[in-house]
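Below is one structure. I have some questions about it.
The values are calculated or read from the model by the stated rules, or taken from the named source; none is laboratory data. Source: prediction; values computed, not measured. Methodologically, a virtual Cβ is constructed for each residue, glycine included, from the backbone with ideal geometry; neighbour enumeration extends over all protein chains shown. Please note that ligands, DNA and RNA were not included when accessible areas were found on the heavy atoms of the full protein model with its side chains. Shrake-Rupley method; radii C 1.70, N 1.55, O 1.52, S 1.80 Å.
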Amino acid sequence: WCVECAEAGAIKACYVRSQMTRVNMAALRHASVVAAAICATLFVAAHAALPARITGECVDSKLISSGMQAFPSVSYIRGQDNSRDGVVQVKVAQFFTVAYYDTYKVVNNTLSREVYVLHQCGLAAPDRSQFPNTTKFFEIPLTSVSVTDATAAGYLEALGLLDRVAYTTSTVVDPCSQSLGLGGCKKIAVGPGGNATVLAQQMNDVDAIFVYSANANRKSIAFPAVADPGALNRVEWLKFMAVFFNKEVEANELFNQIDKSYRAIASAASTQAPADASRRPVVAWMQWTPGRPFYTPTGRDMYSISFSAYRLNLTEAAGGRMLSLADVNRTIDLKQVNMDWGVPYFFPNQSDLLRAVLKDVDVVIDESRYLRDDANGGSTGTPNMDVKLADFLSSYGLEVKDTLDLKFLRNSKLLRTDGVTNSDSYTDWFQTAVWRPDQVVADIVAALYPTVLQQAALSNSLGMPVQLAKPRFLRNLFLDQPVLLEAKSCPIQGCRLPGKVICPYVYAACNGTAVYATSLQRCAPTCTPVGNVPGPSDPRLAAGPMAAAQPILLALLAVVALMAMIVLN
């Protein structure tokens with residue numbers, strides 16, 4: 001997964017210093033002292049480090065003092081509940097747990113060895129002395145975050161949280177994620193270890209930064225979803241992301257829907273797959289990597305065959321058999337190739353060995369990006385929108401005659417992970433496909449057993465909508481063109497999406513009593529004002545104190561105007 005981390009992260013760093021709008025103080029010299037003070041106050045407010053928290057997200061401490069909990073059981077992530085210590089173990093993900101307390105949560109990222117304490121806004125944070133010195137503390141729901149890899153951006157998108165993203169990586173594919181970094185905003189995320197000046201500035205603008213691995217930055221949160229080995233394991237990291245935003249209910253439901261679709265498609269594929277697994281179509285996962293020290297063990301152009309657990313899950317769920325290391329070892333002597341972390345790497349002059357390995361493979365899934373980044377920040381090579389069979393052949397040291405000799409080429413079964421791409425040839429494989437294995441399985445089934453996806457009963461058994469008529473993430477190089485997503489299709493304004501309130505799990509009812517949120521009443525109700533006093537959710541208060549005071553101000557202005565008319569007369 002080291003290569004996957006590199007692909008998902010900021011491969012091509014692009015640091016752009018944000019420019020602070022300057023106030024022309026000379027323009028204020030002729031204004032009155034009162035007007036200048038008002039303008040200065042408004043300017044400071046407009047350039048506060050963090051965006052103002054949306055009204056309605058915090059909990060009144062008086063509600064908790066009445067015996068209520070900020071995080072009732074309905075708000076927990078769903079998994080294996082260990083009642084001995086109150087820690088919720090997730091269903092299939094391997095590397096995190098969550099413990100819930102009255103006013104805070106404790107998240108343990110066991111892979112990154114980091115602990116996060118999250119307290120509900122409006123309530124006092126727990127005593128820090130009871131936690132190890134390395135513990136990181138956050139007030140939730142988070143209001144503004146920086147995202148240094150496309151995978152984290154994808155999970156935020158899945159939970160409807162892109163309005164909370166202030167900075168993002170240039171490798172994202174979703175149009176509204178792109179719009180921050182590629183659509184004129186130039187808000188490229190800088191992770192720890194990057195440009196120190198830019199990073200310090202960005203840290204003032206966010207209350208958290210999602211990175212891949214652990215580091216000492218007190219605002220960083222490690223999000224190693226792609227390191228969790230199984231296909232469904234990775235989906236459950238939606239719940240990890242959700243705990244930082246009080247979105248557990250949504251994450252639980254989303255996981256259940258994806259899990260249902262995944263199993264429904266796998267079940268349908270099994271009706272046509274041979275009962276004897278050894279007779280099922282063989283699928284090989286391959287990647288060409290340009291020669292750079294960070295990407296290949298030798299720093300030379302190489303191509304590899306992958307055998308990771310999540311690829312195995314996806315292949316077997318689709319009714320196929322993944323080409324294994326044992327298969328390769330039976331065909332060639334592994335001492336002839338470069339082995340790194342159990343993955344065989346071939347040099348371009350070893351194409352004969354590759355031919356032998358691929359001779360009886362039915363389907364190849366090519367994960368390559370056929371571009372080389374140059375020293376000037378640009379790229380040379382073939383962008384995803386222009387990739388043809390010739391690019392595949394030349395990159396892997398194959399020839400035209402191989403289109404007849406190799407089974408997968410002869411039968412037009414070459415798939416690529418660039419079904420959805422951005423203009424820089426970064427794909428949706430690590431932003432969306434990582435948490436949509438149900439769709440990936442459907443894409444593989446389309447190549448192995450296409451009639452399975454035409455069954456009417458399958459559509460009725462899905463939990464999540466799945467594109468069955470045409471592959472989404474894995475396009476057939478012989479039949480399909482990539483779908484290009486661009487920032488211009490996102491209705492972003494002011495380099496941010498309109499903010500949406502995330503309601504707490506406890507709030508005041510119209511009679512003032514504390515109640516827990518339910519599936520039917522997720523947020524505080526809109527109450528009828530009594531005696532012209534705004535209720536808990538009166539729109540005048542929801543818009544802020546100035547909005548609530550507008551009627552009074554208008555009345556005062558009317559009185560002043562009337563008095564002025566009397567004086568003039």
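For Q521, work out the one condition from (1) open to solvent by 60 Å² or more (accessible area, probe 1.4 Å); (2) in contact (Cβ under 8 Å) with a residue 12 or more places away in the chain; (3) in a loop (DSSP other than H, G, I, E, B) it doesn't fulfil.
(2)
Here's a follow-up. Having 2 or more residues that are farther than 26 Å from S308 by Cα and open to solvent by less than 10 Å² (accessible area, probe 1.4 Å) is the bar; report the helices (runs of 4 or more DSSP H) wholly within the stretch 203-270 that clear it.
It comes to 237-243.
Still on this structure: Exactly one condition in (1) of a type outside the set (K, R); (2) at pLDDT 70 or above; (3) out of contact with any strand residue (DSSP E or B) (no Cβ under 7 Å at 6 or more places or on another chain) is not met by N24; state its number.
(2)
Take the residues in the stretch 99-110 that are open to solvent by less than 10 Å² (accessible area, probe 1.4 Å) and at pLDDT 95 or above; name whichever of them is nearest to A70 (Cα to Cα).
K105
Same structure, new question: Among the listed residues T315, T380, identify the single one that is under 31 Å from the mean Cα position of the chain (by Cα) and under 30 Å from A273 (Cα atoms).
Result: T315 is the single residue among T315, T380 that is under 31 Å from the mean Cα position of the chain (by Cα) and under 30 Å from A273 (Cα atoms).
Within the stretch 393-410, which residues are open to solvent by 40 Å² or more (accessible area, probe 1.4 Å) and among the aliphatic types (A, V, I, L, M)?
Of everything in the stretch 393-410, those that are open to solvent by 40 Å² or more (accessible area, probe 1.4 Å) and among the aliphatic types (A, V, I, L, M) turn out to be V400, L404.
Anything in the stretch 168-202 that is closer than 23 Å to V434 by Cβ, open to solvent by 10 Å² or more (accessible area, probe 1.4 Å) and in a helix (DSSP H, G or I)? List them, or say none.
P175, C176
Out of all the residues in the stretch 36-47, is one or more within 27 Å of Q201 (Cβ to Cβ) and either at pLDDT 95 or above or in a loop (DSSP other than H, G, I, E, B) (or both)?
Yes: one or more hits.
Can I ask one more? Looking only at the stretch 378-389, filter to residues that are part of a helix (DSSP H, G or I) and touching a strand residue (DSSP E or B) at 6+ places or on another chain (Cβ under 8 Å); which one of those is surrounded by the most Cβ atoms within 10 Å (Cβ to Cβ)?
If we take residues in the stretch 378-389 being part of a helix (DSSP H, G or I) and touching a strand residue (DSSP E or B) at 6+ places or on another chain (Cβ under 8 Å), then N384 is surrounded by the most Cβ atoms within 10 Å (Cβ to Cβ).
If I filter the stretch 138-145 for residues that are within 30 Å of L63 (Cα to Cα) and open to solvent by 30 Å² or more (accessible area, probe 1.4 Å), do I get at least one hit?
yes
From the set of residues in the stretch 143-167 that are assigned to a loop (DSSP other than H, G, I, E, B) and under 21 Å from V235 (Cα atoms), which is modelled with the lowest pLDDT?
D149
Looking at this structure, is S278 small (G, A, S) and open to solvent by 20 Å² or more (accessible area, probe 1.4 Å)?
Here the answer is yes, as S278 does meet what is asked.
Okay, next question. From the residues in the stretch 111-137 that are open to solvent by 30 Å² or more (accessible area, probe 1.4 Å) and in contact with a Lys or Arg (Cβ under 8 Å, 6 or more places away or on another chain), which one is farthest from G67 (Cα to Cα)?
Only one residue tops the list, namely V115.
Consider only pairs whose beta carbons are under 6 Å apart and that are at least six residues apart or on different chains; among these, list those whose first residue lies in the stretch 317-333 and is closer than 15 Å to I305 by Cβ and whose second residue is open to solvent by 10 Å² or more (accessible area, probe 1.4 Å) and small (G, A, S).
Cβ pairs passing all conditions: R321/A277; T331/A356; I332/A356.
Considering only the stretch 204-232, state which residues are of a type in the set (A, V, I, L, M, F, W, C) and without any contact (Cβ under 8 Å) to a residue 40 or more places away in the chain.
The answer is A216, and nothing else.
I've got another one for you. Within the stretch 442-451, identify whether any single residue is part of a loop (DSSP other than H, G, I, E, B), modelled with pLDDT of 95 or more and either out of contact with any Asp or Glu (no Cβ under 6 Å at 6 or more places or on another chain) or under 30 Å from S379 (Cα atoms) (or both), and answer yes or no.
Yes: the stretch 442-451 contains one or more residues that are part of a loop (DSSP other than H, G, I, E, B), modelled with pLDDT of 95 or more and either out of contact with any Asp or Glu (no Cβ under 6 Å at 6 or more places or on another chain) or under 30 Å from S379 (Cα atoms) (or both).
A further question follows. Across the stretch 458-475, which residue is least open to solvent (accessible area, probe 1.4 Å) among those that are more than 19 Å from V434 (Cα to Cα) and touching a residue at least 40 places away in the same chain (Cβ under 8 Å)?
L458
Conditions (1) aromatic (F, W, Y); (2) open to solvent by less than 10 Å² (accessible area, probe 1.4 Å), marked per residue:
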| residue | (1), (2) |
| --- | --- |
| D391 | no, no |
| S412 | no, no |
| D418 | no, yes |
| W429 | yes, no |
| Q439 | no, yes |
| I444 | no, yes |
| T451 | no, no |
| D480 | no, no |
| P491 | no, no |
